[in-house]
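Okay, so here's the structure we're looking at.
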Amino acid sequence: MSILKNAIDSIAIGLEDYQSPDKRRIISSARNISAGILLLFKYKLCELSPPGSNESLIKQQILPKINATGGVDWVGKGGKTVDVQNIKKRFESLDITVDWKRLDQIKKYRNNIEHYYDTQNFQSAQGLISNSFLIIRDFISEYLNEDPKKLLGDKAWATLIEVNEVHEKEKLACVDTLETLGFFNDEILDSFKNYSCKKCGSGLIMSSEKNMRAIEIEYTCKSCGNTLPYEDIVNDAVSEYFSHEVYLSYKEGGDSPITNCPECEGIYLYNEKICSSCGYIAEHECQKCSSPILPEELDAEPFCGYCKHIMSKDD
C-alpha cells in the first residue's frame, strides 16, 4: 500500500469518524486527519527522493555511500521517518511552501481534543477539519498536481467542503463581535481571533458585549460556554500568536517580538511598543546614551541595560 493511499484513507476514515454519532470517535477523527496530512507531506518527499536512495528524503537518517562510479550517493537508512520539524526543514530547502501556522492550529486542536476529553464536541473538531481542508486542498493542487476532489473522492471532498463552510460561518460571526472592540493594538485583536478555548479546543471565541474596550469585558467560547475575562486570555493568546516569530528569533538571531512588561509583567509587544495586558508604553531609547533599549533590557527602562548597570555601580 503506497504512502499516498495511506494518506487518502486516513483522511477519509477521519471524516467518517467525525460524522459518527458516537462522540468518542472525535479523538480518532483528529488523529486520522492529522496523520493523513503528514502522510501527504511524506509522499511528496518520497517523490523527490533520488532513485535508489531508499526514499532518503523521508528518512531521519541519511548516510553517504560510494556508488559504482566512485561517486557519493546519499541513502536513507533505517525505518524511522522524519517528524514535523524535519519535514519543515526539508520543505524550506526544497522551496515547498506550507501554511505552518495553520498546521500548528491543527496540532493544537488535536492536542486539546485529546486532552480535554470530557468537554469535547463536534464544533471543536470542526476547527481542525476546516484548517485541514485548506492545507489538503492547496497541497494536493500545487505540489501533487492532482485534482483534490478526484484524489480524495466525492464523499470525502463534500464533507470537507461542508464542514469548512459551516465552521467559517460560525468563525466569522465570532470575529465580527471581536472587531467591534477597542484593543490596544491590531496584533492583539488578531491574537484573540486565533485563540482557542483551553477547555474544549474550539476557536469560536466571541465577546460578551460589543463596542466596548476589550480589556473591560468577558469572552465566551461558543462551543462549550466557557467564559473568561480579558486578563485570563491575553497572555496565552499573544504568546501563541507570536510563537513562530519567537522561535525564529532564537534560531536565526534578532530581537524577540515580545518580552515582559516593566509595568505589569504582562506580555509587551516590542515592535508595536505597547503592553498587551495593561497598555503601558515603555521608553525604547536610553535617556542616558540614546542607544536602543533591547527587549531583554526593557525592565531597565528608561535606560539601557549597560547604563543601568553603570549607574547602579556608581550608587
**Study point:** Amide hydrogen neighbours beyond the local backbone of residue 268, cut-off 5 Å, H modeled
**Key:** 259, 260, 261, 276
Point to revise | residue 65 accessible area, 1.4 Å probe, all protein chains in place, Å² to nearest 10 | key: 120 Å²
Review point. So what are the ³J(HN,Hα) numbers for the stretch 32-39, from phi and the Karplus equation (6.51, -1.76, 1.60; θ = phi - 60°), rounded to whole Hz, Gly and Pro as x?
Key: 5, 5, 4, 5, x, 5, 5, 5
**Study point:** Cα gyration tensor shape of the stretch 1-129, rounded if a/c is under 1.5, else prolate or oblate by comparing a/b with b/c
**Key:** prolate
Revision key, fill the gap. With every protein chain kept in place and a 1.4 Å probe, the residues 303, 184, 192 fall, from largest accessible area down, as 184, 303, 192
Review point. What residue among 205, 253, 160 has its Cα farthest toward the positive end of the dipole of the chain, where the charges are +1 on Lys, Arg and -1 on Asp, Glu, each on the Cβ?
Key: 160
**Study point:** Compactness of the chain, expressed as Rg and Dmax over alpha-carbon positions, Å
**Key:** 23.7, 76
Practice item. Using a/c under 1.5 as the rounded threshold, could you call the stretch 172-244 rounded, prolate or oblate? The axes a ≥ b ≥ c are square roots of the C-alpha gyration tensor eigenvalues, and prolate needs a/b larger than b/c, oblate otherwise. Key: rounded
Review point. Roughly how many whole Å is it from the C-alpha centroid of the stretch 241-315 to that of the stretch 8-68?
Key: 42 Å
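Which sequence of 289, 46 reflects their accessible areas, 1.4 Å probe, from the largest down?
Values: 289 60, 46 25 Å².
Sorted descending by solvent-accessible area, the residues read 289, 46.
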Check your understanding: Which value, in debye to the nearest 20, gives the size of the charge dipole of the stretch 181-311 about its Cα centre, when Lys and Arg are +1 and Asp and Glu are -1 at the Cβ?
Key -> 360 debye
Check your understanding: Which lysines does residue 65 reach when only Cα atoms under 21 Å apart count, and residues fewer than 8 places away in its own chain are ignored?
Key -> 77, 80
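I'd like to check one number: the per residue accessible area of the chain, probe 1.4 Å, reported in Å² as a whole number.
The answer is 52 Å² per residue.
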Practice item. For residue 5, tell me the accessible area in Å² from a 1.4 Å probe, rounded to the nearest 10. Key: 100 Å²
Review point. What distance in nm separates the simple spin-label points at residue 284 and residue 210, each placed 7 Å from Cα in the Cβ direction?
Key: 3.4 nm
**Study point:** With all protein chains modelled, accessible area of residue 102 [1.4 Å, Å²]
**Key:** 70 Å²
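Ranked by accessible surface with a 1.4 Å probe, highest first, in what order do 256, 93 come?
93, 256
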**Study point:** Carbon/sulfur fraction of accessible area - the chain, other protein chains in place, 1.4 Å, %
**Key:** 48 percent
Practice item. When a/c is below 1.5 the answer is rounded, else prolate if a/b is larger than b/c, else oblate, so apply that to the stretch 166-294 with a ≥ b ≥ c taken from the square roots of the Cα gyration tensor eigenvalues. Key: prolate
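The values are calculated or read from the model by the stated rules, or taken from the named source; none is laboratory data. Remember, predicted model here, so these are calculated numbers, not experimental data. Cβ: placed from backbone, ideal geometry, glycine included. Neighbour counts: every protein chain shown. Side chains are part of the model used for accessible areas, which takes the heavy atoms of the whole protein and leaves out ligands, DNA and RNA. Shrake-Rupley method; radii C 1.70, N 1.55, O 1.52, S 1.80 Å.
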